[in-house]
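The values are calculated or read from the model by the stated rules, or taken from the named source; none is laboratory data. Quick caveat: nothing in here was measured; it's all calculated off a predicted structure. For neighbour counting, all protein chains shown are included, and Cβ atoms are generated from backbone atoms with ideal geometry for every residue, glycine included.
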Amino acid sequence: MNIEGIHSFQDIIPFPDLEMKPTDPAATPTIDNTPPAVPVPDYRPVERFWPYVDLPEQPTDEELAALSPELSEALFGRPALPFSVSLEFSPFDGPDYSRAVEMARGSAEYRELGSGSAVRHRARFYPQDAATLRDLFEIVGRYDATDVLVDDRPVPYARELWLPLIWFLIR
């Protein structure tokens, strides 16, 4: 078969000669990237928003003390505190409740969390206060709502492992 005799479909369709013309400049709009004019006010607004309370720039010491340990750590980093064990307990019915709250208030750091019927007492103890920790735990440890926190965190086996290890420090 002769290759010269094979015609393709493209070869047999006649196309008119097309001349390329430049685009019409009037048909294409010009793009203007200049920002619109903004009127300048005749006065400067006051930076004080009345009637709102004028709040201080920095939190007070009471506000910082009321922060939860997790939020405080997220905002300011982990504080350089020594090892501690905290007991957190709810109010309970019984004659020992007032004694437990009194012992908790005598700890290195005491906080009341919540309000009303949802109040919880948190007492932090350092290793040198192991005897006081044990005495308070003997009162509040029988309730399931009592939490034992090691360095302000709940850890597994805190009641069964960590507290007996702390009690080894009692002399």
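With respect to residue 104, determine if the residue is surrounded by 15 or more Cβ atoms within 10 Å (Cβ to Cβ), closer than 25 Å to residue 161 by Cα and either in contact with a helix residue (DSSP H, G or I) (Cβ under 6 Å, 6 or more places away or on another chain) or polar (S, T, N, Q) (or both). It would help to see each step written out before you state the result.
On the way: surrounded by 15 or more Cβ atoms within 10 Å (Cβ to Cβ): yes; closer than 25 Å to residue 161 by Cα: yes; either in contact with a helix residue (DSSP H, G or I) (Cβ under 6 Å, 6 or more places away or on another chain) or polar (S, T, N, Q) (or both): no.
No: the conditions fail for residue 104.
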message: Considering only region 140-151, I want to know if a residue exists there that is farther than 14 Å from residue 104 by Cβ, assigned to a helix (DSSP H, G or I) and acidic (Asp, Glu).
response: no
field: Filter result (within 23 Å of the chain's Cα centre (by Cα) and assigned to a loop (DSSP other than H, G, I, E, B)) within region 107-139
entry: 114, 115, 119
Per-region count, region 135-163, residues in contact (Cβ under 8 Å) with a residue 12 or more places away in the chain, farther than 21 Å from residue 81 by Cα and either charged (D, E, K, R) or surrounded by 17 or more Cβ atoms within 10 Å (Cβ to Cβ) (or both): 7
Any chance residue 119 is closer than 30 Å to residue 64 by Cβ, among the β-branched types (Val, Ile, Thr) and surrounded by 14 or more Cβ atoms within 10 Å (Cβ to Cβ): no
query: From the set of residues in region 150-171 that are under 18 Å from residue 131 (Cβ atoms) and not aliphatic (A, V, I, L, M), which is farthest from the chain's Cα centre (by Cα)?
result: 171
Condition broken by residue 164, with the remaining ones in (1) part of a loop (DSSP other than H, G, I, E, B); (2) modelled with pLDDT under 90 satisfied: (1)
